[in-house]
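Accompanying notes for the structure given below.
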Amino acid sequence: MNFSTLLFNVKGGVAEITINRPDANNSLDLACAKDLMDAAIRCDTAPEIRAAIITGSKNTFCPGGDLKSFYAHADQLTSHLKEVTTYLHAAISRFARGDAPVITAVNGVAAGAGFSLACVGDIIIAGESARFTSAYTGVGLSPDGALTYFLPRMVGVKRALELTLTNPVLSADKAMEWGIVAQVVADAELLFEARILASKLASGPTRAFGATKRLLHSGCTETLETQMELESRALACAADTKDAQSGIVAFINRHKPEFSGS
């Protein structure tokens, strides 16, 4: 699979996805949104991919939508943005609901849609120079990329309102303090640390990870009884996997389980 705006490689069960638009500072345009969707579909369907890392090339994660490309479509901007978000949202949905855990390794600026994309990570690791800002309302736009889904779940509605209405720039440390980022590391160590974590996750029970992700997303909106039923069904399905059977046997025999992702 060829990508015009991404670098994509798979090694040791980990897909590494790097936004690579150096001439546009890694901003997101229609082609990039399409590429992200294709990458997400591959991560969601290829059994050899058991974890994924999303990052940006050079010193920038993603500063948001490519406003120059939006300006070039000024005569049809409404329909153009609907097309861009159709692909972007398809990508985010598949990253969020797929079995493979997703790590976003945020280097430099994550603004606008870049902030949204950072938040899709099941685990977010930031370089010490990373910066986060909503930015949308600063140019008269409202958020996309599921920012209004993920952000209130991370920081609460009131703080999410503050972040999206006033557009403060959060340092990596402040983002961790507010519960957005799980870990802050030295910039030079960012990919190294992300790869270590991804490798660990890629050796885990992939289908159980996927079920857990989906349950946690639904838990904020379902009733208690509905959520418990979803848990019961997911648990029963997980028990029928080779990984669960291997894990139970390993626990009984007091040795480390070996998971295959099946």
The ³J(HN,Hα) series, computed from each phi in segment 7-13 with the Karplus coefficients 6.51, -1.76 and 1.60 at θ = phi - 60°, rounded to the nearest Hz and given as x for glycine or proline, is 9, 9, 9, 10, 8, x, x
Residue by residue through segment 50-67, the couplings from Karplus 6.51 cos²θ - 1.76 cosθ + 1.60 with θ = phi - 60°, in Hz, x for Gly and Pro, are 10, 6, 9, 10, 10, 8, x, 6, 6, 10, 9, 6, 6, x, x, x, 7, 5
If the chain between R159 and S4 were fully extended at 0.36 nm per residue, the gain over the current Cα-Cα distance would be 52.1 nm
Among beta bridges assigned by DSSP with both residues in the chain, the antiparallel ones amount in percent, to the nearest 5, to 30 percent
Under the Karplus relation with 6.51, -1.76 and 1.60 and θ = phi - 60°, whole-Hz ³J(HN,Hα) for segment 223-236, x at Gly and Pro, equal 6, 4, 5, 5, 5, 5, 5, 4, 4, 4, 5, 5, 4, 5
Relative contact order of the chain (C-alpha contacts under 8 Å, at least 6 apart) in percent is 17 percent
Ordering 29-36, 48-55, 5-12 by per-residue average of other C-beta atoms within 10 angstrom, highest first, gives 48-55, 29-36, 5-12
Result: in segment 6-202 the number of Lys pairs with C-alpha under 28 Å apart, spaced 8 or more or on different chains, is 13
With 0.36 nm assigned to each residue of separation and the Cα-Cα distance removed, S260 to T85 gains 59.5 nm
Checked against the structure, the computed Rg and Dmax of the Cα atoms in Å among [x] 18.8, 67; [y] 17.5, 58; [z] 19.9, 69 is the one labelled [x]
Net charge (Lys, Arg +1; Asp, Glu -1) of residues whose beta-carbon lies under 15 Å from that of A146, A146 excluded, is +3
Rounded to the nearest 5, the percent of DSSP beta bridges in segment 1-140 running antiparallel is 25 percent
Of the residues I53, I196, G98, the Cα lying farthest along the dipole of the chain towards its positive end, which is defined by charges on the beta carbon of Lys, Arg, Asp and Glu, belongs to I196
Exposure-ranked with fewest Cβ neighbours within 10 Å first, D75, D44, D173 stand as D75, D173, D44
Calculated from DSSP helices alone, with each H run of at least 4 adding -39500 (n - 2.57) and the total divided by the residues of the chain, [θ]222 nm to the nearest 500 comes to -15000 deg cm²/dmol
From the Cα centre of segment 70-109 to that of segment 111-181, the distance in Å is 15 Å
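No lab work stands behind these numbers, since they all come straight from the coordinates. Keep in mind the model is a prediction, meaning the values are calculated, not measured. Positions of Cβ are backbone-derived with ideal geometry, glycine not excepted, and every protein chain shown enters the neighbour counts.
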